[in-house]
Structures are given as C-alpha cells and as structure tokens.
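The values are calculated or read from the model by the stated rules, or taken from the named source; none is laboratory data. Quick caveat: nothing in here was measured; it's all calculated off a predicted structure. Reconstructed Cβ throughout: ideal geometry from the backbone, glycine too, with neighbour counts over all protein chains shown. Only protein heavy atoms, including side chains, enter the accessible area calculation; ligands, DNA and RNA are left aside. Shrake-Rupley method; radii C 1.70, N 1.55, O 1.52, S 1.80 Å.
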Amino acid sequence: MIKAEAKRLGFFACGISKARFLEEEAKHLEDWLKSGKHGSVSYMENHFDKRLDPTLLVSGAKSVISLLYSYYPHELQKQKEAPVISKYAYGEDYHFVLKDKMKTLMSFINKEIGEVNGRAFTDSAPVLDKKWAELSGIAWRGKHSNMLTKQTSFFFIGELIIDLELDCDKPMNSYCGTCTLCIDACPTQAITEACVVDGSKCISYFTVELKEAIPEDMKGMFQNRIFGCDICQDVCPHNRKPVFHNEERFLPHPDLLEMSKEDWHEITEDVFKKLFNKSAVKRTEFKGLKRNLDFIK
Ligand code: B12
C-alpha cells in the first residue's frame, strides 16, 4: 500500500529496510572524514553516531522507506558555448519538493494504517541517504559513489524513518561490471577508487559548497561547469535513455535554457534573483556564481 501510494505521488522507486546501526559503514565514514575528503563541508563531521544509526535520530524507529525521485529535464541548456549548470538545479530546490511529497506520503500512512510516528529526510540531515537506498534494494552504488538503477542515476533520494515494522526488501546486485567510464571521465580525478569520491576534489564541491576562492591548480579543468557537475553521470551507460521527471516545480525559468555565453558572463544580481528565485543555485549566492563564472573564463 505504501509503495503504491509512493508511485502515485511520482516516486519511481520505493524500497524498505530495517532501521538499525550501520556498523559496516562506520570505518568508511571515519576514514573518509579523517582523510579530509569532505573538504570544508564541516556539517559532515557532525552527528557521527546519528548518521550511522537512525534509531538515535527518530525515537522508536523500526523501518526506513527509501524513495527515488527523477530530476532529468526534458530540455537541456540550448547554447553550446554556454557555461553549464547541473541538471539537478534547473528548477525549484529539491529539498522543498521532496519534503512536501514525503509529508503527503506520511499523512497517507497515518490515515490508512493508523498512528505511525516518523520523519522525512533528504540530503541535509545526518542520514546516509545512499546506504538506505542500497539496503532497500531499489538501487546499487555506482563507481562514482552515487546510486544507480538500470534506467538512471539522475534522481534524488529521500526517506521516511518511521516507528512501524514493515516487510523489508533485499539489496540488489551491482551492474557496473568492469566499466570505469565515470572514473576516467572525471576531470579532477575526484573518484579515487570504485565507489569512493574525494569530495574535496569534486567540481560540484568547488562550485556549490566551497565558500573561499577555488584553488588555481584547478584552472582549466572544469569543462565550462559553473554549478554542480554531471560529468560522471553523463558518461554512464545506464543513463543512455534518461528517465525524464514529470515535476512541474523542476521546470527552469524560461530564460535559463536560452542564455548565451555572453548572457551568463554579464549576469546581474537582478537576473540571478529572477532565474534562481527558488533554486538550489541560491546555495552559492550571486557572488559565488560570479566567482565560478570568472574561474572558467
Ligand atoms: C557530502 C555530499 C556530497 C559531497 C561529497 C560527495 C560524496 N560522494 O560523498 C559533494 C559536494 C562532492 C557532493 C557532490 C554531488 N552530490 Co552529493 N551529497 C552529499 C551528502 C550530503 C552526504 C554523502 C555522504 O554521506 N558522503 C560521505 C561518504 C563517506 O559516503 P559515500 O559517498 O556514500 O561513501 C561511502 C562509500 O564510499 C563506502 N565505501 C567506501 N569504500 C568503499 C569501497 C566499496 C567497494 C564500496 C562498495 C563502498 C565503499 O563507504 C562510504 C560510507 O558509506 C548526500 C546526502 C546524504 N545525506 O546522504 C548527498 C547526495 C549523495 N548527493 C547527491 C548528488 C545528486 C550529488 C551530485 C550529483 C550533484 C551535482 N550534480 O553536482 C554530485 C555528485 C558527485 C559524486 N560523484 O559523488 C545525491 C545522490 C543521489 C544518487 N543518485 O545517488 C544525494 C544522495 C543527495 C540526495 N538526497 O539526493 N555531494
């Protein structure tokens, strides 16, 4: 019933796993943090125990319902020379869109099943979104460290962590095989080994998260990227036939896809506000986007 309602709400996959301490991830996460692979993303150092154990985050947690929501746009930026923003940031900020949908699913659960307590999460909370998607059998971990299905990796992950015991799914196999296209295509060699990303070398980190100046030794390596980076996903054979989103709120401002190289480099704060009113691009603010634009000149 929950999976059917999740599908009706537009999630293209929904899987369930038991809420528990992720002992097997503790060492990985610790090593990743200790080796500074999170760069200046300091929030990743917070709530180490909660990040590994949702029962510390949601009292009485029994199940994690993982949900996948496509963001692949029907139309891409039209101007060949135009600086490139990631497809995940074309429309409204996904944190709000996914939260609204997951709250609707939670109300459905309470109406149809009874008093169930729980919370909805996507991205910004101390939860290993990818690991729960893996454990719930709806996706496998690609060598670019993001989750993949046979149809796509261009999706957001959200989860409901609830105090209701549910039948759990089993993890699926990986279909990466011997392919290393993502690892080979990363311009900054940020994918240090299969399934491990050194975030502090990722173009997405430099253009979205980093507040300071971008290191000069990265000059000329961004392949015209100014917000986020999709290169490791664009080259993936499993993304050959994209799963287009059907989310009105992910549609970009009509001017965004038409903008030329000159339009971008001459962007004003007013245009920035008009184009990115509700977008994830606001995370880097106007001055951050100008920094990114100047860096690729
Ligand atoms: C921090 C973060 C980043 C950082 C660091 C990236 C990273 N891989 O951690 C930066 C800013 C670089 C980043 C970039 C992007 N991100 Co991000 N990011 C996150 C965040 C907040 C935490 C991820 C995390 O826990 N990292 C810590 C490391 C240690 O965990 P890990 O990557 O899962 O690594 C595990 C494995 O490496 C494993 N491991 C270690 N060794 C080995 C060896 C083997 C063989 C195996 C199997 C596993 C393994 O152990 C680690 C711990 O579990 C999540 C949201 C969330 N709360 O989970 C979103 C998230 C992962 N990001 C997301 C997206 C969309 C992106 C971008 C595509 C955005 C863009 N287009 O620019 C890029 C992709 C870059 C990339 N290839 O990873 C989505 C991914 C959706 C999906 N399809 O999987 C998430 C889930 C947000 C969401 N809720 O939708 N991101």
- If only Cα atoms are counted, what is the Rg of the chain, and what is its Dmax, in Å? 19.3, 57
- Let me have the 222 nm mean residue ellipticity of the chain computed from DSSP H runs of 4+ only, each contributing -39500 (n - 2.57), with the sum over all residues rounded to the nearest 500. -7500 deg cm²/dmol
- Heavy-atom accessible area ranking, 1.4 Å probe, most first, across 93, 163: 163, 93
- In degrees from 0 to 90, rounded to the nearest 10, what is the angle of the helix 94-112 Cα long axis to the longest principal axis of the chain? 20 degrees
- Query: Can you give the charge dipole size of region 26-87 about its Cα centre, rounded to the nearest 20 debye, using +1 on the beta carbon of Lys and Arg and -1 on the beta carbon of Asp and Glu?
  - Reply: 120 debye
- Message: If I take R0 = 22 Å and measure r between the Cβ atoms of residue 249 and residue 285 in this structure, what FRET efficiency does the formula 1/(1 + (r/R0)^6) give, to the nearest 0.05?
- Response: 0.55
- Report the relative contact order of the chain, percent, no decimals, based on alpha-carbon pairs under 8 angstrom and at least 6 residues apart. 26 percent
- What accessible area per residue, rounded to a whole number of Å², is obtained for the chain using a probe radius of 1.4 Å? 48 Å²
- Surface share of carbon and sulfur [accessible, 1.4 angstrom probe, percent] for region 1-98: 54 percent
- Say the dipole of the chain comes from +1 at the beta carbon of Lys and Arg and -1 at that of Asp and Glu; which of 260, 65, 224 then lies farthest toward its positive end? 65
- Query: For region 125-250, what is the relative contact order in percent, using Cα pairs closer than 8 Å and at least 6 residues apart in sequence?
  - Reply: 30 percent
- One finds, for residue 189 and residue 112 with R0 = 51 angstrom and r their Cβ-Cβ distance, a FRET efficiency to the nearest 0.05 of 0.55
- Query: Can you give the relative contact order of region 152-223 as a percent, counting alpha carbon pairs under 8 Å and 6+ residues apart?
  - Reply: 20 percent
- Item | Per the chain, cysteines lacking a partner by the 4.7 Å Cβ criterion | 14, 168, 176, 179, 186, 195, 202, 229, 236
- Message: I need the shape label for region 1-128. Rule: rounded when a/c is under 1.5, else prolate if a/b > b/c, else oblate, with a, b, c from the alpha carbon gyration tensor.
- Response: oblate
- State to the nearest 20 debye the size of the charge dipole of the chain about its Cα centre, where the only charges are +1 on K and R beta carbons and -1 on D and E beta carbons. 360 debye
- By accessible area with a 1.4 Å probe, ligands and nucleic acids excluded, highest first: order of 247, 258, 209: 258, 209, 247
- Query: In debye to the nearest 20, how big a dipole does region 148-297 give about its Cα centre with +1 on each Lys and Arg Cβ and -1 on each Asp and Glu Cβ?
  - Reply: 320 debye
- Acute angle (nearest 10 degrees) that the helix 285-295 long axis makes with the longest principal axis of the chain, alpha-carbon atoms: 50 degrees
- Message: How long are the semi-axes of the equivalent ellipsoid of region 1-63, taking √(5λ) for every eigenvalue λ of the Cα gyration tensor, in whole Å from largest down?
- Response: 29, 16, 11
- Item | Anisotropy class of region 191-297 from Cα gyration tensor, a/c 1.5 cut | oblate
- Message: I'd like to know which of 94, 84, 108 lies farthest towards the positive end of the charge dipole of region 1-148, counting +1 on Cβ of Lys and Arg and -1 on Cβ of Asp and Glu.
- Response: 108
- Item | Cleavage-rule hits (GluC sites (Glu not before Pro)) in region 100-164: DSSP loop, at most 14 neighbouring Cβ within 10 angstrom | 115
- Could you look at region 142-290 and say what percent of its accessible area is carbon and sulfur, using a 1.4 Å probe and all protein chains? 52 percent
